[in-house]
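What follows is a short report on a single structure.
The values are calculated or read from the model by the stated rules, or taken from the named source; none is laboratory data. Predicted model, so just to flag it, every value in this text is computed and none were measured. Cβ placement follows ideal geometry from the backbone for every residue including glycine, while neighbour counts extend to all protein chains displayed.
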């Protein structure tokens, strides 16, 4: 009964979505206020219906209802409750429902936080989001129904993949989807602006906070995916340039470029068409990611069970949404005005150079990901494109971008002087170079890459200090504290986010440069020392979990004779799918991670064991978290809080129509 | 567990591999090779039986003093370029390797051209605006004259 | 107006490739050995370990080399097709028992039938590596000169036999 209610709720949601996607947009085009006002209640209605459907599926999982095909294939009676619920998004159909649910959350958020927008704009934005949801609901109801029944019901379920039975599973997909789907808001803003012809700096100002919040979620989502792979997969890696990882990284790159380009459009009214194109690109890459994961077109450890019918549906949907947007862009964008002028050497110029670099990086990741497919489609052979390619290509593109990160904030708007900038930054550059060249020796090993990484990270930090000092000197106010407090949150957000990048670079440089790995055969009582830490193997015992049995090792860790910790790596066998899994033991720390992974039992009771010492690895994800916090701080800037609170009177639609658009 | 220390130092665990130097070379090679069974892992990390067999083959080739190039050629002759995670330089992969830098070049050029073009357009406009202002100024001066 | 259509143009190209991609199988690995000499082997026979079967013995005729194992599920699937083919006598199928135990292989053949005149034993999988085998079952069509002409990845099916393999075999036998 409950699954049928959920199914019916989705059908109703589709009807509401069709209404939401058509009436308000038409109403905005002809200036009919009543039609436009359909948008808000429609969005909220959709949210309630999808929420209902989501809860019905959750109930089916919680209740172990194996007469629902999806529940039977991804759950099991022995699966603990929290994983049963996380299994909602454990496979294709349910993850689509999660997508839809998160889309409805964003829709309802837009319906609440858009009171300061002109009515026509809001109607169009919600209308476009409605159209997107039509696509997803139709997809679910035709070829990917999570509520499909299994008659006769299974006695027990096939269980969730053991790799997914982990806290990361509970948080990573929702975070990631909040980002992916969040870019649909920026996309809808862009389409709404193109449809209405009101492409001015105000559009950029409205669009920015939504873009930034989506970007924050995306940052956390991607970072979590990487962190989860690190501790779950058991081989100590954290990024593999796997097609699905790339599918989440590309929208992030586009979103980062978009945030920076919106800064130009907001402040100086320039490059509106480019910002619109980036917004379309970011969401297009989200949709492309959805396609790549579910179509079977690329092999990936992440891919859902594939079905050519599903792949075709998504491809057609992709073609319609993105193709339509790009045609609209080609038609309307040329009419957009230019905005304020600026020199090539200026803050605007540097922000746009940042964009060029980020988009080139994005293009490279896309090229590398799709290239095997290109060659295969042209019958030119089968190749693999993996980490060696991406690492080789990505670094030269990102290095200039990081250098710009130091120069850009100091450059003046409109026109800046390169010699003057060099003068202001000479101290920062000297300190960065000197430290980067000498520090590796102190740390134990010098390679060009380690030096480069340290140079970039220290450059970011020193240039932030130079910029801060200059602003403090110029600021009004008596006390240092007063002047610091007077600086807008948007500035501190930028500082924090850029610091996050520096932390990230430090983490990557130190881990790649200084990590140590040892593959050992250990008998009980034997020790091994890496990175100054001594590991003693104290034996194996059998441990029972709710749906698995494990051989658990005990490793006592000490440093210079002092006890540090005890670590318990496991080798688990899950009953239902009879799969063996390695659960590595990690002792995280601010300056290093210790990582122990059990291999197999060898003759004589010994075990093969892999030990790692990974310095600064948590700075990788810590840096990402700081980046996201920077974004949150920027969004909490006064001007957004004031704008939201003020609830400016919406400009009547008829007046909007009359307004000329060329600025 | 209380361990009674022996007269010698506590037992040091031995490396898993028989020959660490060979193993180090194997690792350097295997990290760039693709496991053909679990196609999303490197040859170094995969536990598939074929991966173990291939690692054994590579070890034997290293012991026979074959160069890295020869070992890679051996594998490519049997499994094709698919087994390499670093795509080889070939006619068909030129676009792949050159592409990113081409993109950067095109983007940078495009940006410079776009900025120059808009400079010209705006200077054209501002000139006539300046003229407008001049005219307005002259007109206002005219009306202010007694 | 022209340059604003570039994003759309690029997109159309990408979608075209993705559409073609839906018809392809990214996991399948075609063999680089097609058209090249079949790697030599000289291995003990399954039913008579004292005797040796060598690829040189088979020069001068067209034959199929079928890699199989008793632990392989797909091999069970294709076995009836092989039995049928052996009964028709169109082309001899030689078996290569890949990374298997002798007893289990013999039992398996007794239970499911033996379409092979001779079965070679590749216990360590080295011959498999030389042939570029990455999963069983895999089947090669080898001509009179000892050159590999076709590789079938995965279980053989009647339709593939009819459409691709038997016509090729007939052509090679007439050379």
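Things worth noting here:
- Taking the conditions (1) in contact (Cβ under 8 Å) with a residue 24 or more places away in the chain; (2) facing chain B (nearest Cβ under 10 Å); (3) surrounded by fewer than 22 Cβ atoms within 10 Å (Cβ to Cβ); (4) in a helix (DSSP H, G or I) in turn, residue A:348 satisfies each one other than (3).
- Taking region C:35-66 as the range and being part of a loop (DSSP other than H, G, I, E, B), closer than 15 Å to residue C:129 by Cα and either in contact (Cβ under 8 Å) with a residue 60 or more places away in the chain or within 12 Å of another protein chain (Cβ to nearest Cβ) (or both) as the test, the residues that pass are C:38, C:39, C:41.
- Among all residues of region A:330-344, there is none that is under 22 Å from the mean Cα position of the chain (by Cα), more than 9 Å from every other protein chain (Cβ to nearest Cβ) and either over 23 Å from residue B:109 (Cα atoms) or in contact (Cβ under 8 Å) with a residue 60 or more places away in the chain (or both).
Yes/no per residue for (1) closer than 21 Å to residue C:33 by Cβ; (2) free of Cβ contacts under 8 Å to residues at least 40 places away in the same chain; (3) within 9 Å of chain C (Cβ to nearest Cβ):
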{"residue": "B:46", "(1), (2), (3)": "no, yes, no"}
{"residue": "B:51", "(1), (2), (3)": "yes, yes, no"}
{"residue": "B:57", "(1), (2), (3)": "yes, yes, yes"}
{"residue": "B:62", "(1), (2), (3)": "no, no, no"}
{"residue": "B:71", "(1), (2), (3)": "yes, no, no"}
{"residue": "B:78", "(1), (2), (3)": "yes, yes, yes"}
{"residue": "B:81", "(1), (2), (3)": "yes, yes, yes"}
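- Residue match in region A:452-465 (condition: outside the structural domain of residue A:212 (by TED's automatic domain parsing), exposed (fewer than 15 other Cβ atoms within 10 Å of the Cβ) and part of a helix (DSSP H, G or I)): yes
- Test: residue in region A:407-430 that is under 22 Å from residue A:513 (Cα atoms), in contact with a helix residue (DSSP H, G or I) (Cβ under 6 Å, 6 or more places away or on another chain) and surrounded by 13 or more Cβ atoms within 10 Å (Cβ to Cβ): no
- For region A:494-546, the strands (runs of 3 or more DSSP E) that sit wholly inside it and include 1 or more residues that are surrounded by fewer than 22 Cβ atoms within 10 Å (Cβ to Cβ), touching a strand residue (DSSP E or B) at 6+ places or on another chain (Cβ under 8 Å) and more than 14 Å from every other protein chain (Cβ to nearest Cβ) are A:533-544.
- Applying the criterion of being in contact with a strand residue (DSSP E or B) (Cβ under 9 Å, 6 or more places away or on another chain) and part of a loop (DSSP other than H, G, I, E, B) to the residues of region A:590-614, the residue that is farthest from the other protein chains (Cβ to nearest Cβ) is A:591.
- Selection status of residue A:50, surrounded by fewer than 23 Cβ atoms within 10 Å (Cβ to Cβ), closer than 30 Å to residue A:206 by Cα and within 26 Å of the chain's Cα centre (by Cα): no
- Looking across region C:125-141, the residues that are more than 7 Å from chain B (Cβ to nearest Cβ) and closer than 17 Å to residue C:54 by Cβ come down to C:126, C:127, C:128, C:131, C:140.
- Considering region A:370-399, and only residues there that are touching a helix residue (DSSP H, G or I) at 6+ places or on another chain (Cβ under 9 Å) and not in a helix (DSSP H, G or I), the residue that is farthest from the other protein chains (Cβ to nearest Cβ) turns out to be A:378.
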